[in-house]
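Worksheet: one structure, shown below.
The values are calculated or read from the model by the stated rules, or taken from the named source; none is laboratory data. Quick caveat, the model's predicted, so the values are computed rather than measured. Here the Cβ is made from the backbone with ideal geometry for all residues, glycine too, and neighbour counts use every protein chain on show.
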Amino acid sequence: MPLKTYERPYLRKLNAGLGNKFGTRNSQVPVTEIDGVPVAKLMEEYGSPCFVLSEQTIRQTYRNAVRAFSTRYPKVQMAWSYKTNYLNAVCRIFHDEGSWAEVVSIFEYRKALANGVPGTQILFNGPDKSEDDLRTAVQHGSLIHIDHLDEVYLLSEILASEGLKARVALRINMDTGVYPLWDRFGFNYENGSAWTAVTKVMAQPRMELVGLHCHIGTYMLSAQAYAVASHKLCDLADEIRKQYQRRIEYLDLGGGFASGNTLKGSYLQGSDVIPTMDDYAEAITSTILQHPFAMSGEIPTLYLESGRALIDDAGYLLGSVLALKRLGDGRRATIMDFGVNLLFTSFWYEHRISPAQEYSSHHEDMVLYGPLCMNIDVVRENVSLPLLKRGDRVVVHRVGAYNMTQWMQFIQMRPNVVLIDRQGQVHLIRRRETVDTLNEMELTPLHLELGQGKPA
């Protein structure tokens with residue numbers, strides 16, 4: 001029998017903490033496969049760390065969202081939020097399912113065009129649209145969601161000089177009872193800014209106001225907040241109909257629907273407290289259908305820009321243990337080969353982390369650190385895991401949203417990303433970076449080139 005690694009004994013103060021209805025039993029099981037593909041095989045072929053995405057999960061989650069809304073409302077159109085995950089393979093799955101594109105930059109806009117999305121099926125959001133950006137959107141017939149009055153003036157000048165017209169919407173922010181308010185984007189409903197924007201746009205002969213848009217927050221745990229937002233958008237649309245005899249064609253309720261992740265500091269697990277997609281759908285659609293605006297004529301189309309709730313569950317991060325140590329206070333510290341450079345969402349989520357191999361029944365609370373040379377590189381501040389050893393593999397769950405767009409090239413290169421299709425085949429959809437990837441973008445002044453010698 002091989003000798004086990006010796007670890008000297010230590011004293012640790014026990015603190016049971018507050019109990020809850022779930023008790024303290026550990027129900028963890030090893031995750032050795034993803035969609036039937038062994039984790040060990042994935043890591044042997046594509047390295048550690050690496051991201052894995054499940055096409056089957058993406059499609060199932062999307063179809064569930066469409067079902068939740070379309071069975072309650074006859075005119076629904078989803079628009080995939082590119083900023084959430086703009087890998088082309090991911091975007092094309094959503095477009096294949098019938099989703100339009102929602103973008104917040106010209107970079108994302110051009111990716112959507114390259115992914116085969118017609119300009120007329122792109123919603124252009126965001127506060128940063130240059131003159132060239134707006135001109136491109138107008139020429140492609142996209143729906144432009146106006147964020148501020150300067151954008152109204154700039155767009156007006158472009159349309160006059162080009163002799164073109166544009167279909168636009170106004171982004172509205174409002175008090176929905178959830179704080180802090182997301183009032184930095186768009187025009188405020190309560191203080192009259194929204195109506196001022198309406199009057200400005202209606203005075204523009206080359207702009208056609210066809211929609212109202214709001215995005216009330218992120219990871220919203222209250223479905224009722226969407227009912228409030230829907231009611232206020234309907235009120236504004238009804239007032240526009242009465243004052244200008246202009247019917248608003250669509251209402252865009254944005255996104256912000258929560259995924260099953262657990263927020264830091266939450267007493268209960270995320271999956272136990274988040275509203276379901278049916279909860280969000282019922283709050284939004286019932287409010288619109290019962291409002292006088294919808295009952296006064298043809299009902300508006302409902303646009304939705306959900307990102308996080310549609311992709312988070314489909315993403316996994318595979319990684320390995322680099323080292324173990326004891327901290328000054330006696331706590332166990334486990335150092336992983338991935339950190340906040342790849343797992344940006346660890347700043348606000350308590351990600352579920354599972355061993356990827358069989359393990360002993362003994363668990364211990366520990367800190368999970370990443371490999372970066374900075375003290376804030378903490379994957380989990382406290383998590384109960386079996387006593388892992390160097391080289392052991394782990395699976396981090398629900399990482400599909402934002403981690404592959406907000407990741408950092410800091411100290412380590414970005415890793416491979418693979419997609420498992422519905423037949424269980426594995427596809428590399430983004431190659432790992434190398435030093436050449438970085439050097440390709442750099443320029444060195446001639447006097448600093450190697451071999452030039454020291455300056456006189």
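Which residue, of ARG67, ARG92, ARG110, is surrounded by fewer than 20 Cβ atoms within 10 Å (Cβ to Cβ), touching a residue at least 12 places away in the same chain (Cβ under 8 Å) and out of contact with any Cys (no Cβ under 9 Å at 6 or more places or on another chain)?
Going through ARG67, ARG92, ARG110 in turn, the sole match is ARG92.
State yes or no: is ILE172 under 25 Å from the mean Cα position of the chain (by Cα) and crowded, with 22+ Cβ neighbours inside 10 Å?
Yes, satisfied.
When you check ILE158 against the structure, is it touching a Gly at 6+ places or on another chain (Cβ under 8 Å) and not small (Gly, Ala, Ser), yes or no?
The answer is no for ILE158.
Just for region 142-162: of the residues that are within 30 Å of the chain's Cα centre (by Cα) and of a type in the set (Val, Ile, Thr), which one is surrounded by the most Cβ atoms within 10 Å (Cβ to Cβ)?
Of everything passing the filter in region 142-162, ILE146 is surrounded by the most Cβ atoms within 10 Å (Cβ to Cβ).
Given the options VAL52, VAL104, VAL66, VAL76, name the one that is under 22 Å from PRO275 (Cα atoms) and in contact with an Asp or Glu (Cβ under 9 Å, 6 or more places away or on another chain).
VAL66
Going by what's in this entry, would VAL138 be described as in contact with a Leu (Cβ under 7 Å, 6 or more places away or on another chain), touching a residue at least 12 places away in the same chain (Cβ under 8 Å) and more than 27 Å from TRP407 (Cα to Cα)? Show your work before the answer.
Details: in contact with a Leu (Cβ under 7 Å, 6 or more places away or on another chain): yes; touching a residue at least 12 places away in the same chain (Cβ under 8 Å): yes; more than 27 Å from TRP407 (Cα to Cα): yes.
Here the answer is yes, as VAL138 does meet what is asked.
Scan region 289-324 for residues that are polar (S, T, N, Q) and either closer than 14 Å to CYS234 by Cβ or not in a strand (DSSP E or B) (or both) and jot them down.
GLN290, SER296, THR301, SER306 - these are the residues of region 289-324 that are polar (S, T, N, Q) and either closer than 14 Å to CYS234 by Cβ or not in a strand (DSSP E or B) (or both).
Could you grab me the full set of residues in region 81-101 that are hydrophobic (A, V, I, L, M, F, W, C) and in contact with an Asp or Glu (Cβ under 7 Å, 6 or more places away or on another chain)?
Once the filter is applied, which keeps residues that are hydrophobic (A, V, I, L, M, F, W, C) and in contact with an Asp or Glu (Cβ under 7 Å, 6 or more places away or on another chain), region 81-101 yields only ILE93.
Rundown of residues vs (1) touching a residue at least 12 places away in the same chain (Cβ under 8 Å); (2) assigned to a loop (DSSP other than H, G, I, E, B); (3) in contact with a Cys (Cβ under 7 Å, 6 or more places away or on another chain), yes/no style:
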residue	(1), (2), (3)
HIS215	yes, yes, no
LEU233	yes, no, yes
GLU239	yes, no, no
ARG246	yes, yes, no
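Considering (1) at pLDDT below 95; (2) among the acidic types (Asp, Glu); (3) closer than 25 Å to ILE144 by Cα, say which one ASP272 fails and leave the rest.
Every condition holds for ASP272 apart from (3).
Taking GLY400 as the residue in question, decide whether it is among the small types (Gly, Ala, Ser), modelled with pLDDT of 95 or more and under 24 Å from VAL29 (Cβ atoms). Spell out the reasoning first.
Details: among the small types (Gly, Ala, Ser): yes; modelled with pLDDT of 95 or more: yes; under 24 Å from VAL29 (Cβ atoms): yes.
The answer is yes for GLY400.
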